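So the structure is just underneath, and the comments pick up after that.
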Amino acid sequence: MTQIVRDPGFHEPADEDDCTRFWYFCQSHDRVYWHEACGEGPHLVVLHCNEHGPENIWPQPLMLMFPEGFDPLLSEAQLDWVRAEDDAV
C-alpha cells in the first residue's frame with residue numbers, strides 16, 4: 001500500500017477547518033479503502049475529507065527520519081506540525 005501524504009492538488013488543511021468526517025480512499029480501485037478489501041494488487045491511498053475531497057495529511061513524527069524521501073516534499077506547515085508534535089513527546 002502506498003499512502004499519499006501530500007499532493008499539490010489536494011486541500012491543505014488549516015486550523016480554521018471544521019472538518020469532521022474523513023475516510024481513506026483507494027485511487028487504484030476507485031473506492032473506499034478498508035484494510036486492503038477494496039481489490040487486488042497495489043493500493044494508492046489518500047485521506048478523503050467529506051467537505052474538501054482529497055486532503056494532505058499530517059505525517060507522523062517518525063517520518064521525519066527521512067523527510068527528503070517524500071515526493072512531493074512535505075510542506076512547511078506539515079514539517080512545522082510534526083516537529084512540534086515530536087517536541088511534545
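The values are calculated or read from the model by the stated rules, or taken from the named source; none is laboratory data. This is a predicted model, so every value here is computed, not measured. Don't worry about glycine lacking a Cβ; one is built from the backbone with ideal geometry, like all the others, and counts go over all protein chains shown. These accessible areas exclude ligands, DNA and RNA; they are computed on the full protein's heavy atoms, side chains included. Shrake-Rupley method; radii C 1.70, N 1.55, O 1.52, S 1.80 Å.
What is the residue count in segment 35-56 for residues that are closer than 21 Å to L73 by Cα and among the charged types (D, E, K, R)?
1
Within segment 1-34, track down each residue that is farther than 17 Å from L73 by Cα, assigned to a loop (DSSP other than H, G, I, E, B) and open to solvent by less than 70 Å² (accessible area, probe 1.4 Å).
A14, D17, C19, S28, H29, Y33
Inside segment 42-53, can you point out the residues that are open to solvent by 50 Å² or more (accessible area, probe 1.4 Å) and out of contact with any Asp or Glu (no Cβ under 9 Å at 6 or more places or on another chain)?
P42, L44, N50
Residue by residue through segment 35-64, note down the ones that are among the acidic types (D, E) and in a loop (DSSP other than H, G, I, E, B).
Scanning segment 35-64 gives E36, E40, E51.
Filter segment 31-89 for residues that are at pLDDT 90 or above and touching a Cys at 6+ places or on another chain (Cβ under 6 Å) and give the result.
Hits for segment 31-89 are R31, Y33, H43, V45, C49, E51, E55.
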